[in-house]
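Single-structure report; data block below.
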Amino acid sequence: MTAPPAVPAGLAWWRTRPGGAAWLGRLPALVAACAERWEVAVGPPFEPATIAYVAPARRADGTPAVLKLSFPEPDSEHEGDALAHWAGTGAVRLLAADPDRRALLLERCEPGVPLWTVPDEARANTIAADVLRRLWRPPPERHRLRPAAAEARRWRADLR
């Protein structure tokens, strides 16, 4: 039997949010349940972790993947729906989702270098703009996605 996964220290701030301590307490069991459901071997989580539990995984057929578990909050509510809509164009491909657990099994992005590590800020901005152009497409006729304008209003109210 493998040891339960460690909860990254960077996620400890969730303890200050309503329901956060309980979610962190359940996190090892959630990781184990997803690993069993999707038949993946899960490695130690990527560091630094600040928002969600994200760890490398390997599918039964050897395909590399990533397991992501997010705190159940509005920002993560439709992440799987958006990734399914983009279908790997401008974003990683969604391999599986469990909305009740806020769990996603994702295509592993190689090389996986964070954009903020690009030393030339103008080049980083150009890359980001290119990705945003690739992501933009009208939502499907029937969808649960919230418009970006509504999200921006919510973020503005939350930041006061």
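Couple of notes before you dig in:
- Cβ-Cβ under 7 Å pairs, at least 6 apart or on other chains, the range 75-99 side within 22 Å of residue 40 (Cβ to Cβ) and at pLDDT 95 or above, far side among the charged types (D, E, K, R) and in a loop (DSSP other than H, G, I, E, B): none
- The set of residues in the range 13-45 that are touching a strand residue (DSSP E or B) at 6+ places or on another chain (Cβ under 8 Å), touching a residue at least 40 places away in the same chain (Cβ under 8 Å) and in a loop (DSSP other than H, G, I, E, B) contains only 45.
- Residue among 92, 40, 31, 66 that alone is hydrophobic (A, V, I, L, M, F, W, C), in contact with a Cys (Cβ under 8 Å, 6 or more places away or on another chain) and more than 30 Å from residue 136 (Cβ to Cβ): 40
To keep it simple, each residue is scored yes or no on (1) under 25 Å from residue 58 (Cβ atoms); (2) of a type in the set (S, T, N, Q); (3) surrounded by fewer than 13 Cβ atoms within 10 Å (Cβ to Cβ).
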| site | (1), (2), (3) |
| --- | --- |
| 95 | yes, no, no |
| 98 | yes, no, no |
| 103 | yes, no, no |
| 111 | yes, no, yes |
| 126 | no, yes, yes |
| 136 | no, no, yes |
| 147 | no, no, yes |
| 150 | no, no, yes |
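- Across the range 51-88, the number of residues qualifying as farther than 23 Å from residue 17 by Cα, β-branched (Val, Ile, Thr) and either buried (at least 19 other Cβ atoms within 10 Å of the Cβ) or within 13 Å of the chain's Cα centre (by Cα) (or both) comes to 1.
The values are calculated or read from the model by the stated rules, or taken from the named source; none is laboratory data. All figures in this text were calculated on a predicted structure; none of them were measured in a lab. Don't worry about glycine lacking a Cβ; one is built from the backbone with ideal geometry, like all the others, and counts go over all protein chains shown.
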